[in-house]
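Scroll down for the structure; my scribbles are underneath it.
The values are calculated or read from the model by the stated rules, or taken from the named source; none is laboratory data. This structure is a prediction, so every number in the text was calculated from the model and none was measured. Methodologically, a virtual Cβ is constructed for each residue, glycine included, from the backbone with ideal geometry; neighbour enumeration extends over all protein chains shown.
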Amino acid sequence: MVGQLVLENADYVVDSICRQLRHLDINHHVPNVLASILSYIGVAHKILPLLEEPMRCVSIELEILGRHQHPDLTIPFLKAVEEIVKASKREACQLPPQAESFSTDVRSTISNAEEATQDQWEVISFKLNDSRRYRRTVGSIAGSCITAAIPLLASFKQEICLASLDIIESGLLALAKVEAAYKIERNIKEAIEETLESLSLYHLKDTLEATEEGADENRLLPAMNKIWPFLVTCIQNRNPVAVRRCLNVISNVVQICGGDFFTRRFHTDGTHFWKLLTTSPFHKMSNFKDEKTPLQLPYRSSSVNSEDSLAETSYLKVQIAVLNMVADLCNNKRSATALELVLKKLCGLVVGIACSNVVGLRDASLNALHGLASIDPDLVWLLLADIYYSVKKDALAPPPRPGLPEISEIIPLPSSPKEYLYVQYGGQSYGFDIDLASVEFVFTKIDSQYNV
């Protein structure tokens, strides 16, 4: 009943909200009202085209000056943005199948072009222009939501950081769907123009908007380029819940955007990720003490002291999240190329963890190793065999065929733990001591998979 009332008076409701947003000092309640309307009534996707103006007002309030003037309204505004971006995502996910359906209908009409009337072509032209305008609106709103949330990824406040991550994830998925729909529409637009020209219906061809959309619809990767530095900052957050969620978001957005875009970025910024894997959760993390204290701006609350250590179980969960991210990226062909330049480093780190006495990481590290082996099985097997045959000298099997060298000739026994290949590739780690049972278990699992 209330939702229907809002829909029937959508222009009035949105206009009233916009007016109140301009005078927040006397209308402190309006962010909560906006979030409630969009969340509980569930009409955000139905009034989406009207939300561009309030979204501009909200974006201003989420900028530095706005947050400084009304710090208590940041979370209510973020909740409103969350609802708006959810609506954008819902609409965006429907755009590609709608475009495909329209394309099928149009191609059917084109195949019988001589039988189609001018009125039919007018309807087709109108539908195409209408769908293109709506797609631009959805993309524009999703982009505005992302822009508003990007700086807040660096927030030390858990609720703000988590809400911003949700907005980024939904917004990028929306942009990906918008771009997919654009590609379909572009192809069908070209087909319609060719047909109208062949039928000498030039006046109808002119009604198709001639605006070049290449730059307008190239939104996804430029947005990701702006987001990435803030995601890297976010994983350095002292809040383990925020870090775990950030790693999950990174895993998802790399698969959305494609791994090629991230190859250089993981090579440049990967140290911030892999540092999370270099210390056992049950080992004193003294390396954090060497970190520089970030610049503290006067209007921001102080961060957690850099010497504070995370609880063992919290850090264990963070490391599991990193390993799960690695597994997810490796197991998806679209995202696997993101780890191309850091594969040796990563294999060395994960092998060291999998073969250690930290049982809580065994399943996650084994899962990550299976993923890494799907990219380079020889490298993973070699690093594991180097450990296995050095601690199980009696397990050295004879060459499968005469003339082949012995394992000990291919992989010389290390004279010290630092000479293990996994240490040379992955670097020194702390607290991950080699455990014979773990080595045997992991090597057997990977070796059986490799031999299949």
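For Ser144, the stated conditions do not hold, so it cannot be described as farther than 30 Å from Leu162 by Cα and out of contact with any strand residue (DSSP E or B) (no Cβ under 6 Å at 6 or more places or on another chain).
Candidates Ser101, Ser111: the one that is at pLDDT 90 or above and out of contact with any helix residue (DSSP H, G or I) (no Cβ under 9 Å at 6 or more places or on another chain) is Ser101. Would you check if Val380 is in contact (Cβ under 8 Å) with a residue 40 or more places away in the chain, touching a helix residue (DSSP H, G or I) at 6+ places or on another chain (Cβ under 6 Å) and of a type outside the set (S, T, N, Q)? So Val380 passes the test. The set of residues from the stretch 410-447 being under 33 Å from the mean Cα position of the chain (by Cα) and over 21 Å from Leu277 (Cβ atoms) comprises just one member, Asp447. Is it the case, given these coordinates, that Ile168 is under 24 Å from Lys86 (Cα atoms), under 17 Å from the mean Cα position of the chain (by Cα), of a type in the set (Val, Ile, Thr) and part of a helix (DSSP H, G or I)? So Ile168 passes the test. Do you know which of the residues in the stretch 277-331 that are in a loop (DSSP other than H, G, I, E, B) and within 13 Å of Asn239 (Cα to Cα) is modelled with the lowest pLDDT? Looking at the filtered set, the residue picked out is Ser306. Taking the conditions exactly as written (in contact (Cβ under 8 Å) with a residue 40 or more places away in the chain, farther than 18 Å from Ala174 by Cβ and aliphatic (A, V, I, L, M)), does Leu95 satisfy them or not? It is false that Leu95 is in contact (Cβ under 8 Å) with a residue 40 or more places away in the chain, farther than 18 Å from Ala174 by Cβ and aliphatic (A, V, I, L, M). Could you give every pair whose Cβ atoms fall below 6 Å, whose first residue belongs to the stretch 164-190 and is farther than 15 Å from Gly143 by Cα, and whose second residue is of a type in the set (Gly, Ala, Ser) and part of a helix (DSSP H, G or I), counting only separations of at least 6 or pairs across chains? Listed by first residue and then by second, the contacts come to Ala181/Ala99; Ile184/Ala99; Ile184/Ser103; Glu185/Ala99; Ile188/Ser103.
Condition (residue is at pLDDT below 90 and surrounded by 17 or more Cβ atoms within 10 Å (Cβ to Cβ)) applied to the stretch 366-375: is it met by at least one residue? Looking through the stretch 366-375, none of the residues is at pLDDT below 90 and surrounded by 17 or more Cβ atoms within 10 Å (Cβ to Cβ). From the set of residues in the stretch 127-160 that are charged (D, E, K, R) and in a helix (DSSP H, G or I), which is surrounded by the most Cβ atoms within 10 Å (Cβ to Cβ)? Checked the stretch 127-160; the qualifying residue surrounded by the most Cβ atoms within 10 Å (Cβ to Cβ) is Arg135.
Filter the stretch 106-125 down to the residues that are out of contact with any Leu (no Cβ under 7 Å at 6 or more places or on another chain), within 14 Å of Ile188 (Cα to Cα) and surrounded by 13 or more Cβ atoms within 10 Å (Cβ to Cβ) and list them by number. Listed by number, the residues that qualify are Val106, Arg107, Thr109, Ile110, Ile124. On inspection, Ala163 does not qualify as in a helix (DSSP H, G or I), more than 25 Å from Asp328 (Cα to Cα) and either β-branched (Val, Ile, Thr) or assigned by TED's automatic domain parsing to the domain that holds Ser108 (or both).
Residue under question is Glu114, and the condition is that it be assigned to a helix (DSSP H, G or I), of a type in the set (Asp, Glu) and either within 33 Å of the chain's Cα centre (by Cα) or outside the structural domain of Glu193 (by TED's automatic domain parsing) (or both); does it hold? The answer is no for Glu114.
Within the stretch 49-69, residues that are assigned to a helix (DSSP H, G or I) have Cβ atoms under 6 Å from residues that are of a type in the set (Ser, Thr, Tyr) in these pairs: Pro49/Thr137; Met55/Ser144; Ser59/Ser144; Arg67/Thr74; His68/Tyr299, counting only partners at least 6 apart in sequence or on another chain. Candidates in the stretch 67-98 are the residues that are in contact with a helix residue (DSSP H, G or I) (Cβ under 9 Å, 6 or more places away or on another chain) and among the charged types (D, E, K, R); of these, the one that is modelled with the lowest pLDDT is Arg67.
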